[in-house]
Every structure is written in C-alpha cells, then in structure tokens.
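Step one of this worksheet: look at the structure below.
The values are calculated or read from the model by the stated rules, or taken from the named source; none is laboratory data. Because the structure is a prediction, the values reported are computed rather than measured. Here the Cβ is made from the backbone with ideal geometry for all residues, glycine too, and neighbour counts use every protein chain on show.
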C-alpha cells in the first residue's frame, strides 16, 4: 500500500489546491497523508475545523495512526493529518513514498516576480563583483553564496564563516557541506564576541555587539584579499523585525542585496529549491545566544548546554522548528505546534525529558504554544505577543 | 514596595487565578509563575488532557486572559521525583 505524503504550509484553501493535484494523480496516490505543519499564528487551530468541514472522502486525524485506521476502515480514499505528526513521523509510520509539495507557497510567490528578483540579484552581483559573503550556512546566506558563485565564478565569490561558541557545530557542518557541494570558496575566522562584556551581559541589542565583532574581523580580511564588496543574507522580512545587528552591518558598509531587492524568506526558499540547495527547507537558525533571555549572561557553558540539548532532540527525530530556551535551571522546549501532541505522549515525553536533562538542565518544560520566532522578545516585552 | 514587587504580586495573583480557571476546566495543576511565563505542573491526567489540541488552545487562551504571554508544562522526570513537591502542592513564586 502506498502513501503519498504532502507537506502543506499555508492556509486551507491552498491545501485544497494540493488535494486537487492528488485526486488527478496516479492510482497509487489514493491514500494520502497531508502533514500540515504551519507553525505560526493561531490559524493552526482553525484549520482542523476547515478540513473537517470540507471532508468528504477524507479522514482527518491528529496522528499518523489515524492514517492507518482510516485505511483499515477503507471508508475513505485519503487521510489528512493536520496536527501531531511531523513529516518524519508520517514517513516512518505510514508513508513509503514522499513528495514534498510546497504548492501553497508556490501560489503565494509569483513566479514572475521571483524570476525578476533573481535576475536583479545576478545583475547586482555582477555590478559589485567580486563579493565576500558573511556565511553561516543558514537559508539566506547559503542561497546568496551559491548564487554569487554561480553568477561570478569561482574567483568572484568568497564565503566567510565566523566561528564562535554561539555558532552551532551542526550549522557549521551544513555550511561546509553546502559550500563543498556547490564549489563555493570558504574562509573560516574565529570571532570572540563572548569576550566582549557588552555582549556577554546580553542586552537587548546583543546582536549589535556580535555583528560588530564579526564584521570588524571579516571586512578587513575580505578587503585584503581583494573583495571590495562584503554582503550578508539579510532579507526583506528581517527589515520588519527587531534586528540590532543590522546597524553594525551598516557601520561596516556591508550590503544586503536580498533585502535591497525585496527577497522575502519565502522567495529565498523557493529560489534555493530551484537551485537544489538543501537548506531551502531548513528551519531558521539564529545563533545559540538567542535562547537566553535578555539580561541573562551569555557564557560558553550555557551555550554548550543549549547546543547539546538541541542536538539531542534532533537525534530523536525532531526535524522542524526547535528551540531550547534557557531559564536558569529550566529548559523550555519549543517545538513546531504540529509536534506537540506527539511529544506529550508519556513515552515520548520521557525520552525528550531525559535527552534535555542529559545536557545539564535540572528541569524541562514543553511550551504549549510551540515554536515562535522571537519568543523571548515577547516574554520580556521587547516585542508584542 | 518597588515596582518589581508590585509586578511580582500581580503575577502571583494572576497565577492563582489561572490555576483556579484551569481547575474549573478539569486541568488540575500546580503553577509556578516566572514573570510572564506560567509553568504548569499538572497531574498525570492533566498531561493527558494537554495532548488534545483543543485543551491546549483553551489553556493558552486562559493564560492570555490572565496576563501570561507563555505557558509551558513541566515534564515529569524520574531524576527529579525525589526533590519535587507533590503535584497538588501549590507552588507560586516569581
């Protein structure tokens, strides 16, 4: 029996678009699991009702076991799983074929607009070549580095990684893998933001001190190697967020072509996918210090504790959004909302708890709303709830 | 009394009220207040209830009503069992 797993990340009407594709698919697509994992906003809660309301030959469930029971009952020809199962969970439990369909996102991004943006980016890069990229291996900088390499050739682009305790080893590995795969030249520098007491004190503009340290080391090295233009992966969405690090970039004359040309995260994910860059579906990955509330001192030990805990949870199969927020003795784990029911099951909860305790926390809590970007900003009143 | 004391008192009062509201919804738990974070220490049946999306949504709505921006459930651990208070003990501190 074959299942087709679709990942839908937008509003229900667009999920309907996916389903239309499914019903015209080959017969073996008859049993369909939709992993509906939109992770922001309270719209998550309403989607179940929409799906139920529209259900005809579908069965909607909270877990992959619902897919099984639906099929066993043979009362429906497709199954919608809209909460409680990650794509990995579904794949392991019910799906033996996988199609990752981002159709809703394709609908949300005009292909014409994206094509115009990518052309504009190539033109920008040519006009400012050669370029050095502040490179972390995240979604944005990976796209920028690969595009620069492909547009300007091997000598026209240099990706520079700033390594420190706040930079997760896992992401460093991703950065290296992507660079190797796309033949992007890489240079690695050590940065020492933790040695700056203004950074370690963890004020709300902590990122300013981090980026100041990064750019003050990176820019002179780049220029000494003949790269007059230094760029970063800041995107148009970032401009709407609280990003004190952007000021440091401006002070060091670091350009942000993606933001300048109006690339949103969604644009970048789409363009990355088109280029085959594996980071296209990677969750956003800010530095480890973002897990500490403002005012809580950033230390190497704490960052290590957070990194170990998150790595342990990744090993348990949590592939989507994940943060281990540091509250002294307590680790508050934020997962994608779709994962919550799964991990509140007693046996999974025990495994999760032990994994985090092993990292050195005394207590573990699971956030009931799930992951939200800038969660600690909200908690401390820096941004609105 | 400093502004922090006032805020702490208010948070504690909100915590008591939230715990009562949760109990009325059938979710019995102790509650620890950490600023705008409400940390629930539920009984096992309370944990089971929170597996249900609708219940989590209700908890989040109640917490918001009581002034909390974040709600988390402390996960029970064998390691901590000896040092934790009984789950029905009211734990309110800020």
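Could you please find all residues in the range B:30-58 being assigned to a helix (DSSP H, G or I) and either at the interface with chain A (Cβ under 9 Å from one of its Cβ atoms) or over 12 Å from the mean Cα position of the chain (by Cα) (or both)? Those that are assigned to a helix (DSSP H, G or I) and either at the interface with chain A (Cβ under 9 Å from one of its Cβ atoms) or over 12 Å from the mean Cα position of the chain (by Cα) (or both): B:44, B:45, B:47, B:48, B:49, B:50, B:53, B:54, B:55, B:56, B:57, B:58.
Taking the listed residues A:255, A:248, the one that is modelled with pLDDT of 95 or more, out of contact with any strand residue (DSSP E or B) (no Cβ under 8 Å at 6 or more places or on another chain) and closer than 26 Å to residue A:228 by Cα is A:248, with no other qualifying.
The criterion of at least 3 residues that are crowded, with 17+ Cβ neighbours inside 10 Å and at pLDDT 95 or above is met by the following helices (runs of 4 or more DSSP H) wholly inside the range A:92-156: A:111-127, A:139-152. Which of the residues that make up the range A:296-314 are crowded, with 21+ Cβ neighbours inside 10 Å and either assigned by TED's automatic domain parsing to the domain that holds residue A:245 or under 15 Å from the mean Cα position of the chain (by Cα) (or both)? Of everything in the range A:296-314, just one residue is crowded, with 21+ Cβ neighbours inside 10 Å and either assigned by TED's automatic domain parsing to the domain that holds residue A:245 or under 15 Å from the mean Cα position of the chain (by Cα) (or both), namely A:310.
Among the helices (runs of 4 or more DSSP H) lying completely within the range A:184-258, list those that include at least 2 residues that are under 23 Å from residue A:143 (Cβ atoms) and over 22 Å from the mean Cα position of the chain (by Cα).
In the range A:184-258, A:206-224, A:245-251 are the helices (runs of 4 or more DSSP H) which contain 2 or more residues that are under 23 Å from residue A:143 (Cβ atoms) and over 22 Å from the mean Cα position of the chain (by Cα).
For every residue, the table says whether it meets (1) within 13 Å of chain B (Cβ to nearest Cβ); (2) farther than 20 Å from residue A:170 by Cα; (3) surrounded by fewer than 21 Cβ atoms within 10 Å (Cβ to Cβ).
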residue: A:294; (1), (2), (3): yes, yes, yes
residue: A:316; (1), (2), (3): no, no, yes
residue: A:326; (1), (2), (3): yes, no, no
residue: A:338; (1), (2), (3): yes, yes, no
residue: A:343; (1), (2), (3): yes, yes, no
residue: A:346; (1), (2), (3): yes, yes, yes
residue: A:355; (1), (2), (3): yes, no, no
residue: A:370; (1), (2), (3): yes, yes, no
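May I ask you to list the residues in the range B:68-78 that are over 12 Å from the mean Cα position of the chain (by Cα) and more than 7 Å from every other protein chain (Cβ to nearest Cβ)? Answer for the range B:68-78, where residues must be over 12 Å from the mean Cα position of the chain (by Cα) and more than 7 Å from every other protein chain (Cβ to nearest Cβ): B:76, B:78.
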